[in-house]
Structures are given as C-alpha cells and as structure tokens.
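What follows is a set of notes on a single structure, which appears directly below.
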Amino acid sequence: MPSPKPVRAGSARSSGVSGVGGGSGSSGRYEFMSLTRTPPLSPSPPPHLLQRQGSDPTTARLRASESPSRRRRGSASSNASTSSTGGALQLPEEDCMHLNPSIISVALSSLLAVDLWLSKRLGVCAYEEASWGSARPLMKLVEVSGHGIPWLIGAAYCLYKSDSAAGQEVMLNLLMALVLDLVLVGIVKAVVRRRRPAHNRMDMFATFSVDRYSFPSGHATRAAMCARFLLAHLVLAAPLRVLVMLWAVIVGLSRVLLGRHNVTDVAFGLLMGYCQYNLVEALWLSPAMLQNMVGLE
Ligand SMILES: CC(C)=CCC/C(C)=C/COP(=O)(O)O
C-alpha cells in the first residue's frame, strides 16, 4: 500500500489536493496526501494558467512521444474531466503521472538503440567473412575456457583428487557456485527472453534451451564469479591474479566480438556474476554443516 506523500500546500502541483489530507491550507506548511483517495475536483484554474499549460513546448513534446493508445486514453480522461468541470481542463496531476514513465522509456529505448548499434559494430568475429573473422577460432577458444562443462568437470575432478579437507571444502563450494550460476542465469534468461543478436551464428556446443536467449551472458556471469572465487580462495602471485582478472574481462569481451551477445548482456552478466559471489559466500558449505547434513540422513 503506498505511503502518504508530503505535498507542499499552496504550490502549483498540490493546488487541487490540499484539502485531501485535512490539513491547514496555509502556505509554507507540509500536508499529507493519501494516494488511495481520489482528490476532489479542483476549481477551474484561471484562464492565463490554462493557456500556459497548453502551450508549454516541453509538455507538448513529451505528450507527442507517448504511444497512440496512451494518448487516446489520456485524451479520453481529459475529455471526461473537461465535461465534469464544465469546460475547464484539468491536466497537471494526470500529466505528471504519465510523463515520468515516458521519459524513462525514451531513455531506455535510446540506451537499447546505442547498445544494438555498438554490439553490431563490435561483432567483428561473428563469422569467418567478418572483418576480424580470422580471430574467430581464438575467440572460440576463449569461449570454451568460460563454458560451464569444463568448469564443472574441472571442479569435480579437483574435488575427487584433493586429499586435504580445506581443498575439498573449496572445490565443493566451487561446484555449488557453478550450479547456482547456471540456475540463476537460466531463470533470468527465461524471464527476460531477449533474443541473441541477429548476426550471431548459433554454433555453441552443449547449450540449454534457455541459451537461445542472450540476457544475461552466462559466460560473463561465470567468468566474473569464478574470478572472484579464485582470487579469494587460491594463494596466487600478483601476475597470476592480474591474469585471472584479465581472463574474466576477455571472456566478456569475446562474447560481443563473437556476436553472441549485446554489450548490455555482458555488462549485466559481469555485474551479476560479481554479486553472485556474495551469495556463494553467504551460502558457504562448511565441513561442520556438511557433517550435520550427513548426520541427519
Ligand atoms: C551445458 C552447461 C553445463 C552449460 C551451458 C553453458 C552455456 C552454453 C552458457 C551460455 O552462455 P552465454 O549466455 O554467454 O552464451
């Protein structure tokens, strides 16, 4: 349920609702407006104010950018308010509520347009005939290095081979992290259902059905999460630590160069993988916890 919202009594926006909260009407004081109650119809604003609202170029431009259906709905409701107030237009409150989402959607579609344009330009290894097509085999090697299958097999093998309790604990948690990553990425891909770029050739090995969708990049989430995992749990010399970070960035970049993903898929994937590691830490399986789980059986 929305919480009451303070409105400034006497200001232009709240002029029609200052009586809703039941407060005093003196200027300079804050009142509370219930969002669940319809404000009573305000008296008609003076004609000079009406003229300014109708001719404001910003308002006119933003209203023009709304979808036709929204414009139809908008004009229907404003017609209704016109008739109920005997010819006076009542726009301010309604317009404020409609304009903000349209500004957000304009910003979003601009971002998506830039994303598509940039991703298409960067997809230079998307096929053999592309400008950097000769680098495609190398990029596919990078792809394999971030694929789920080698990571799952590698972690399971290290778990099997490890003879120290600490090593087994780390490898078991890495396995758990990899499975968690597959599940979370699968859920987001299935919900968002963003198509892969048109220039992508779907020639990846071992994919799930959700992998026909591109948001977020599963390779990017895995690379960011595994890089953080390795840096936190392996004692590595400084050059190797830099190499691990570089690998994660290159895996992300290769997704766009190969034409598998748009830039935003990879950017979000890297961020998601980075955050996923926090979840892995929170769910960390300790030997004591494992003993309890075995003891319960
Ligand atoms: C079959 C297994 C265990 C994992 C699939 C890994 C995979 C192919 C993910 C897709 O990655 P992108 O979303 O980056 O293309």
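Here, each number is a calculation from the coordinates, and none is a lab measurement. Keep in mind that this is a model prediction, so the values were computed, not measured. With ideal geometry, Cβ positions are generated from the backbone for all residues, glycine too; neighbour counts draw on all protein chains shown.
Structure values in brief
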{"quantity": "Alpha carbon centroid spacing (whole Å) that separates region 139-175 from region 191-225", "calculated": "21"}
{"quantity": "Förster radius 25 Å - calculated FRET efficiency between SER209 and LEU152 (Cβ-Cβ, nearest 0.05)", "calculated": "0.85"}
{"quantity": "Cleavage-rule hits (chymotrypsin sites (Phe, Trp or Tyr not before Pro)) in region 178-250: DSSP loop, at most 14 neighbouring Cβ within 10 angstrom", "calculated": "PHE205, PHE208"}
{"quantity": "Net charge, LEU182 excluded, C-beta distance under 13 Å - Lys, Arg +1, Asp, Glu -1", "calculated": "0"}
{"quantity": "Leading residue at positive end of dipole, region 172-287 (Cβ point charges), from ALA232, SER286, MET176", "calculated": "MET176"}
{"quantity": "Additional length obtainable on full extension of the chain from LEU271 to LEU253, 0.36 nm per residue less Cα span", "calculated": "5.1 nm"}
{"quantity": "Amide proton proximity set for TRP284, modelled H, under 5 Å, gap of 5+", "calculated": "none"}
{"quantity": "Derived scalar couplings ³J(HN,Hα) [region 187-203; Karplus, 6.51 cos²θ - 1.76 cosθ + 1.60; whole Hz; x for Gly, Pro]", "calculated": "5, 5, 4, 5, 7, 6, 6, 8, 5, 5, x, 4, 7, 6, 9, 7, 10"}
{"quantity": "Estimated vicinal HN-Hα couplings, Hz - region 168-179 in sequence order (Karplus 6.51, -1.76, 1.60; Gly, Pro = x)", "calculated": "5, 4, 5, 5, 5, 6, 5, 4, 4, 5, 5, 5"}
{"quantity": "Neighbour net charge for TYR127 - beta-carbon separation under 11 angstrom, K R +1, D E -1", "calculated": "-1"}
{"quantity": "Region 92-175: GluC sites (Glu not before Pro) falling in loop per DSSP and having at most 13 other Cβ within 10 Å", "calculated": "GLU128, GLU129"}
{"quantity": "Descending Cα extents along the principal axes, region 212-259, whole Å", "calculated": "37, 18, 9"}
{"quantity": "Chymotrypsin sites (Phe, Trp or Tyr not before Pro) within region 98-150, DSSP loop, no more than 15 other Cβ atoms inside 10 Å", "calculated": "TYR127, TRP132"}
{"quantity": "Rh (Kirkwood; distinct C-alpha pairs) - region 135-294, Å", "calculated": "16.3"}
{"quantity": "HN-Hα J in Hz across region 159-165 - Karplus 6.51, -1.76, 1.60, θ = phi - 60°, x for Gly and Pro", "calculated": "5, 5, 7, 5, 10, 10, 4"}
